[in-house]
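A quick write-up on the structure given underneath.
The values are calculated or read from the model by the stated rules, or taken from the named source; none is laboratory data. Everything numeric in this text was worked out from a predicted model, so none of it was measured. Note that each Cβ is placed from the backbone with ideal geometry, even for glycine, and that neighbours are counted across all protein chains shown.
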């Protein structure tokens, strides 16, 4: 919006200058037409100057019209974004507050109440884990995680409330609300790190919740500027069992420029061409799977090289994940893998650790 205000100010100054020049040229042209003895070429030059000024004035009018249209479009998108976000949060909150299960234990009910209170009061913290380029080990992307805090400030890890949420059949509701807050937190972080690119997991519960996923699609449509900062990650089993309606939503998101990643890859023999056609641009494979293939016989090594070339040909970047030990790095680098993720390069920490003023120099530069 600041850019639009500045544009209006510049346009105002430009318009004043054109009006002044047009008026001055018209006066001089009128005077010369009344004064005898003025050479004709002077009148021609002044007439041509006036014509040029009028053309510039018309062009300014078209430019201002386009600028006004841009302002109106941005206002409408902003309004749609707020409406979609509010609708998603409201629906999820009411579902989480509804009576869950008559047989729910007192302990589970208490746990769910802590989760509900944390979400409704915005106590959801964004955690990031770096994904580094190899062999430089410079952060290029981050994977996003969310952590809830109760009223006393204690962190609620998924393991703390997973069983209670499953017993109450509220996993999807919790995942959906956390996802929306995660996206909103990313938007806030972009103010300090405009080039920040984050992998955000979409759980099977979110994918199969058609109503919520439709709202998410609307939200992303209104926030298409996030496309360069947000990469949605799916597990391979979830992709295999997607409903056609979910596939249609994914296509809608992809058309708006959002890219996808696949993890929980159990084999290198997948239909990578089909995944690439659906805008999957990243594949995460456990380092153990890749190392095992690289340590096999000559046929296994050749197969792994063919796999790497196949990914490169279809435009999919391979990320070796769960890299924990330094002594595995020579083998991983020998495989020619471009990106790595794991505690060796940095565990999941609060976003402030990697993006704040006291962040490691490499992390700030990447962001």
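Quick one: in region 302-328, of everything that is loosely packed, with under 15 Cβ neighbours inside 10 Å and closer than 19 Å to residue 135 by Cβ, which residue is nearest to the chain's Cα centre (by Cα)?
Among them, the one singled out is 312.
Out of all the residues in region 115-137, which are modelled with pLDDT of 90 or more and either out of contact with any strand residue (DSSP E or B) (no Cβ under 6 Å at 6 or more places or on another chain) or not assigned by TED's automatic domain parsing to the domain that holds residue 338 (or both)?
135, 136, 137, listed by residue number.
Would you please name the residue that is surrounded by the fewest Cβ atoms within 10 Å (Cβ to Cβ), looking only at residues in region 233-263 that are in a loop (DSSP other than H, G, I, E, B) and over 20 Å from the mean Cα position of the chain (by Cα)?
Per the stated criteria, the residue is 241.
Provide a single number: the residues in region 154-167 that are in a loop (DSSP other than H, G, I, E, B) and at pLDDT below 90.
Looking only at that region, the number is 1.
Among the listed residues 282, 258, identify the single one that is in contact with a strand residue (DSSP E or B) (Cβ under 6 Å, 6 or more places away or on another chain) and at pLDDT 85 or above.
Result: 282 is the single residue among 282, 258 that is in contact with a strand residue (DSSP E or B) (Cβ under 6 Å, 6 or more places away or on another chain) and at pLDDT 85 or above.
Can you confirm whether residue 332 is within 30 Å of residue 126 (Cα to Cα), assigned by TED's automatic domain parsing to the domain that holds residue 221 and either surrounded by 13 or more Cβ atoms within 10 Å (Cβ to Cβ) or modelled with pLDDT of 95 or more (or both)?
Yes; evaluated as a whole, the condition is true for this residue.
Working only within region 174-211, note down all residues that are part of a loop (DSSP other than H, G, I, E, B) and farther than 17 Å from residue 161 by Cβ.
Correct list: 190, 191, 192, 193, 194, 195, 196, 197, 202, 209.
Looking only at residues in region 335-367 that are in a helix (DSSP H, G or I) and within 24 Å of residue 157 (Cβ to Cβ), which one is modelled with the lowest pLDDT?
363
Taking region 195-211, which residues are at pLDDT 85 or above and over 13 Å from residue 140 (Cα atoms)?
Those that are at pLDDT 85 or above and over 13 Å from residue 140 (Cα atoms): 200, 201, 202.
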